[in-house]
Amino acid sequence: MTDTSQTPLVQLKDISISFGGIRAVDHVSLDLYPGEVVGLLGHNGAGKSTLIKILSGAYQKDGGEIWIEGKEANIQSPRDARDYNIETIYQTLALADNLDAASNLFLGRELTTAAGFVDDAKMESETAKIMARLNPNFRKLKEPVSALSGGQRQSVAIAKAVYFKAKILIMDEPTAALGVHETKMVADLIQELKKQGLGIFLISHDTREMLELCDRVSVMKNGKMIGTERVEDVTEDDILSMIIMGKKPDQAA
Ligand SMILES: Nc1ncnc2c1ncn2[C@@H]1O[C@H](COP(=O)(O)OP(=O)(O)OP(=O)(O)O)[C@@H](O)[C@H]1O
Ligand SMILES: [Mg+2]
């Protein structure tokens with residue numbers, strides 16, 4: 001449930017960005033509360049990934065403001081985003097195939113001993129601990145992640161975000177390449193993260209899945225925000241007509 005009495009984790013205010021002559025994101029506003037999943041829906045090229053890439057520091061906005069936990073934030077790079085506890089999981093996961101789960105989890109943020117050496121034992125035990133919590137069936141701790149299923153790879157990526165205390169998680173089509181069972185696993189992980197108070201922006205083309213996983217869904221079209229609805233207030237048809245016609249249900253003829 002969206003608890004609007006809390007300070008929003010994220011407020012995207014009037015965000016715009018153009019590429020050449022194309023307004024990929026056109027004065028879009030959207031917020032995200034702790035423990036909430038907000039879904040972004042819309043046709044190919046609607047501007048969903050571009051909007052979240054502005055939050056993740058991959059793109060620089062031309063206009064608008066980003067506020068994090070009630071203060072204006074300056075996000076110029078993925079590193080800045082990380083400093084605000086924003087983690088992003090893309091469909092094409094940035095995992096190193098030849099490394100095992102622990103090496104991936106700590107890639108670029110290796111734990112070291114007091115003497116300054118890389119602490120493999122600690123990284124392995126920490127990885128085992130967090131995987132046991134998030135995905136108790138996960139056994140392939142020592143294998144290169146190339147040997148993992150899509151769902152298992154997602155769980156390593158999610159574990160990484162959780163371990164490094166993400167407060168804001170961006171998931172751009174995390175289940176697009178997954179089978180039914182693996183999609184369920186990611187859905188269960190999302191529920192677990194919600195309980196821990198994370199806020200999640202989720203992008204998917206599966207309207208039904210979005211209505212199940214999200215607290216609110218936003219529809220974008222041609223770079224514009226068509227509307228944001230609480231899932232209990234709309235039907236799948238309402239959302240589909242927003243995607244196709246670019247109109248809110250109460251504006252439908
Ligand atoms: N780096 C870029 N350079 C030029 N144009 C871009 C760039 N990134 C995105 N665009 C354009 O911005 C628009 C929005 O693209 P975006 O990737 O945000 O769409 P999307 O809603 O995520 O679509 P999809 O569902 O296909 O992933 C498109 O017209 C796209 O071609
Ligand atoms: Mg996209």
**Item:** Top-ranked residue in segment 41-68 [being open to solvent by 60 Å² or more (accessible area, probe 1.4 Å) and over 15 Å from LYS221 (Cα atoms); ranked as nearest to ligand 2 (Cβ to nearest atom)]
**Value:** TYR59
**Request:** Could you list, in sequence order, all residues of segment 150-168 that are touching an Asp or Glu at 6+ places or on another chain (Cβ under 7 Å) and of a type in the set (A, V, I, L, M)?
**Result:** ALA161, ALA166
**Request:** Give, as residue ranges, the strands (runs of 3 or more DSSP E) completely inside segment 165-229 that count at least 1 residues that are under 12 Å from the mean Cα position of the chain (by Cα).
**Result:** 168-172, 199-203
**Complete:** Subset of segment 68-120, residues closer than 27 Å to ILE54 by Cβ, aliphatic (A, V, I, L, M) and assigned to a loop (DSSP other than H, G, I, E, B), comes to ILE75, LEU93, ALA94, LEU95, ALA96, LEU107
**Request:** Please name all residue pairs, on different chains or six or more residues apart, with Cβ atoms under 9 Å, provided the first residue is in segment 194-206 and is assigned by TED's automatic domain parsing to the domain that holds HIS43 and on the phi < 0 side of the Ramachandran plot and the second residue is more than 16 Å from ligand 1 (Cβ to nearest atom) and of a type in the set (Lys, Arg).
**Result:** LEU198/LYS167; GLY199/LYS167; ILE200/LYS194
**Prompt:** What are the pairs, 6+ residues apart or on separate chains, where a residue within segment 167-192 that is within 16 Å of ligand 2 (Cβ to nearest atom) has its Cβ under 8 Å from a residue that is assigned to a loop (DSSP other than H, G, I, E, B) and open to solvent by less than 60 Å² (accessible area, probe 1.4 Å)?
**Reply:** ILE170/SER56; GLU173/SER204; PRO174/SER204; THR175/SER204; ALA176/SER204
**Request:** Test THR113 against the stated conditions and say whether it is touching a helix residue (DSSP H, G or I) at 6+ places or on another chain (Cβ under 8 Å) and loosely packed, with under 15 Cβ neighbours inside 10 Å.
**Result:** yes
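The values are calculated or read from the model by the stated rules, or taken from the named source; none is laboratory data. Because the structure is a prediction, the values reported are computed rather than measured. Cβ: placed from backbone, ideal geometry, glycine included. Neighbour counts: every protein chain shown. Just so you know, the surface numbers come from the protein's heavy atoms only, side chains and all, with ligands and any DNA or RNA stripped out. Shrake-Rupley method; radii C 1.70, N 1.55, O 1.52, S 1.80 Å.
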